[in-house]
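Asks: This is the structure I want to talk about, given as structure tokens.
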Amino acid sequence: MKNLNQQARFRMYNNPKLKLTNATSISSGQVAWRCPSNIALVKYWGKYGIQYPRNTSISYTLSAAHTDTFMSYKTLATDSQNGKINLAFTFEGKPQGAFAAKLEKFLNSLLPIFPFLSQLELVVESANSFPHSSGIASSASSMAAIACCLCSMEQQLFNTLSDETEFWRKASYIARLGSGSACRSVYGTAAIWGEHPEFAASSNDFAIQQTEFHPLFQNYKDAVLIVDRAEKSVSSRAGHALMETNPYAATRYEQANTHLAALVKAMQTGDMTTFIRIVEAEAMVLHALMMCSEPSYILMRPNTLSVIEKIRTYRQETKVPVCFTLDAGPNVHVLYPEKHAAEVEAFILNELEPLCVDGYWIADQVGKGPIALSEVTIA
Ligand code: DP6
């Protein structure tokens, strides 16, 4: 698979045979998935072609922050054809025009892979476990949930994805087309995305699961501190695009690949010092890249820096191995081993919670990946 060129790889799941015929026995059904968000330890920042990453990334899969997606389908009397999708979308019980339009465009782009979509009437309902205004990006969990639903639908209608490995690989591939980081959300514990010479199975097309870690790095905790709820001034998509003219881009991509190999090794051997050094460097570099892109922009807020300084001081004084990372926004992810949960959570309550908007933070942790929801209704 690795030697295929980009165009051929893009077509790797194209399958004109996935069309409903008179012989198809099912005419309606429902699929539903709960998919978690993820937090990158080595960041994907910069992309090319059809959602290919400029460097390898790795993330922990989360648990509490997730999206539930229910997809019902019914065969249309006549194929809508010519790339038309018949879709009704609601988010948390209400129509959501902006995401509906994005989803429709995405499903249209997937017609070569799932040609049966133009033969169906689709009703999609989605809900997040975290408030919309929390500043937490939902594209990874929502795109992963949609990808899982589409693969389940294919399996129900054609019985073509009964092999689990193949199911998850395809779900990851489809999720990547929706949002790059989403491809890592289909696997529990942690996932690596992007070709890397030290990981033979790694690929730019889909993520691979990574579970073999030292006990210190299993069941890791992530407290997501909401320090600002405002919509981001520059989207991730625009941020990725700015990497194309960033003068430090080439060095950065090389650094990410070096970081990835060293980080995975540290997580396997229990080397906490290296883990903290690399994870914090990744957060700082991501934001430094934003600050030195053209035009320059800043997504950190004053309280982002206050939280970072407090974490570093606390770590220095107590020797408790707590560190931070950031995604493309102002909120801080506080990472710590499960065995230090009591003292770190007391520290968060006393010193960091006052820096959060309305004292809001989410106690999350590494999770097991997507869960199929059968016949559950959104509360
Ligand atoms: C900083 O996956 O949101 O969170 O592919 O354009 O949808 P698109 O971007 P997105 O970028 C995520 C960037 C990041 C780092 C990461 O998750 O690896």
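Asks: With axes computed from alpha carbons, what is the tilt in degrees of helix 302-318 against the longest principal axis of the chain, rounded to the nearest 10 within 0 to 90?
Replies: Rounded to the nearest ten degrees, it is 60.
Asks: While we're here: For the range 168-253, give the magnitude of the charge dipole about the Cα centre (Cβ charges: +1 Lys/Arg, -1 Asp/Glu; no others), in debye to the nearest 20.
Replies: Charge dipole, the range 168-253, about its Cα centre: 240 debye, nearest 20.
Asks: At what distance in nm do the modelled label points of E121 and K74 sit from each other, each positioned 7 Å from its Cα along Cα→Cβ?
Replies: Calculated label separation equals 0.3 nm.
Asks: Could you give the size of the charge dipole of the range 225-365 about its Cα centre, using +1 on the Cβ of each K and R and -1 on the Cβ of each D and E, expressed in debye and rounded to the nearest 20?
Replies: The dipole magnitude comes to about 260 debye.
Asks: Right, here's the next one. Could you compute the net charge surrounding L122? Neighbours are other residues with a C-beta less than 10 Å from the C-beta of L122; K and R count +1, D and E count -1.
Replies: Taking every Cβ under 10 Å from that of L122, the sum is -1.
Asks: Now, a different point. Want the number for E343 to S28: 0.36 nm per residue separation, take away the alpha-carbon distance, what's left? Don't skip to the answer; put the middle values down first.
Replies: On the way: separation 315, 0.36 × 315 = 113.40 nm, distance 5.17 nm.
Net length gain for the segment: 108.2 nm.
Asks: Oh, and also: Tally the DSSP beta bridges in the chain and give the antiparallel ones as a percent, rounded to 5.
Replies: 90
Asks: Next question. Listing H240, H340 from the residue with the fewest other Cβ atoms within 10 Å to the one with the most, what is the order? Please list the in-between numbers first.
Replies: Details: H240 19, H340 16.
So the residues, fewest neighbours to most, are H340, H240.
Asks: Quickly estimate the mean residue ellipticity at 222 nm for the chain, helices only: each DSSP H run with n ≥ 4 gives -39500 (n - 2.57), and the total goes over all residues, rounded to 500.
Replies: -10500 deg cm²/dmol
Asks: Taking R0 as 35 Å, what's the FRET efficiency between K84 and D358 from their Cβ-Cβ distance, rounded to 0.05?
Replies: 0.20
Asks: Here is a further query. Once the dipole of the range 225-365 is set up with Lys and Arg at +1 and Asp and Glu at -1 on Cβ about the Cα centre, which of Q255, A241, A342 lies farthest towards its positive end?
Replies: Working it through, the farthest residue towards the positive pole turns out to be Q255.
Asks: Between L305 and Q218, what's the calculated FRET efficiency when r is the beta-carbon distance and R0 is 25 Å? Round to 0.05.
Replies: After rounding to 0.05, the efficiency reads 0.20.
Asks: Express in whole angstrom the spacing between the alpha-carbon centres of the range 104-157 and the range 169-227.
Replies: Taking the Cα centre of each part, the range 104-157 and the range 169-227 sit 19 Å apart.
Asks: Between M284 and Q155, 0.36 nm times their residue separation minus their Cα-Cα distance comes to what?
Replies: Between M284 and Q155, full extension yields an extra 42.2 nm.
Asks: So for the pair M12, K368, with labels modelled 7 Å out along Cα→Cβ, what separation do we get in nm?
Replies: Taking the simple label geometry, M12 and K368 are separated by 2.9 nm.
Asks: How far is the Cα center of the range 57-81 from the Cα center of the range 295-311, in Å?
Replies: Comparing the Cα centres of the range 57-81 and the range 295-311, I get a distance of 34 Å.
Asks: Can you give the angle from 0 to 90° between the axis of helix 139-158 and the longest principal axis of the chain, with both taken from C-alpha atoms, to the nearest 10?
Replies: Tilt of helix 139-158: around 30 degrees.
Asks: Right, another one. How much length would be gained if the chain were fully extended between S296 and Q268, taking 0.36 nm per residue of separation minus their Cα-Cα distance, in nm to one decimal?
Replies: Length gained, S296 through Q268: 6.4 nm.
Asks: Could I ask something else about it? For the range 225-365, count the residues as N, evaluate 2.2 N^0.38 Å, and divide the Cα radius of gyration by that value, please.
Replies: Here the answer is 1.10, to two decimals.
Asks: Where Lys and Arg each count +1 and Asp and Glu each count -1, what net charge lies around L355 among other residues with Cβ under 11 Å from its Cβ?
Replies: Values: positive: R301, K310; negative: D228, E309, E351, E353.
Value of the local net charge: -2.
Asks: With unit charges on the beta carbons (Lys and Arg positive, Asp and Glu negative) and the dipole taken about the Cα centre of the range 64-170, which residue among I146, A101, N86 sits farthest to the positive side?
Replies: The listed residue farthest towards the positive side: A101.
Asks: Would you please put 159-167, 351-359 in order of how densely packed they are, using the mean number of other Cβ atoms within 10 angstrom per residue and starting with the highest?
Replies: 351-359, 159-167
Asks: So what's Rg/Rh here for the chain, counting alpha carbon atoms and using the Kirkwood radius for Rh?
Replies: Taking Rh as the inverse mean 1/r over Cα pairs, Rg/Rh reads 0.97.
Taken together, the values in this text are just the output of simple stated rules run on the coordinates, not laboratory data. Note that the structure is predicted; figures quoted are calculated from it, not measured. Quick reminder, even Gly has a Cβ in these numbers, built from the backbone with ideal geometry, and neighbours come from all protein chains shown.
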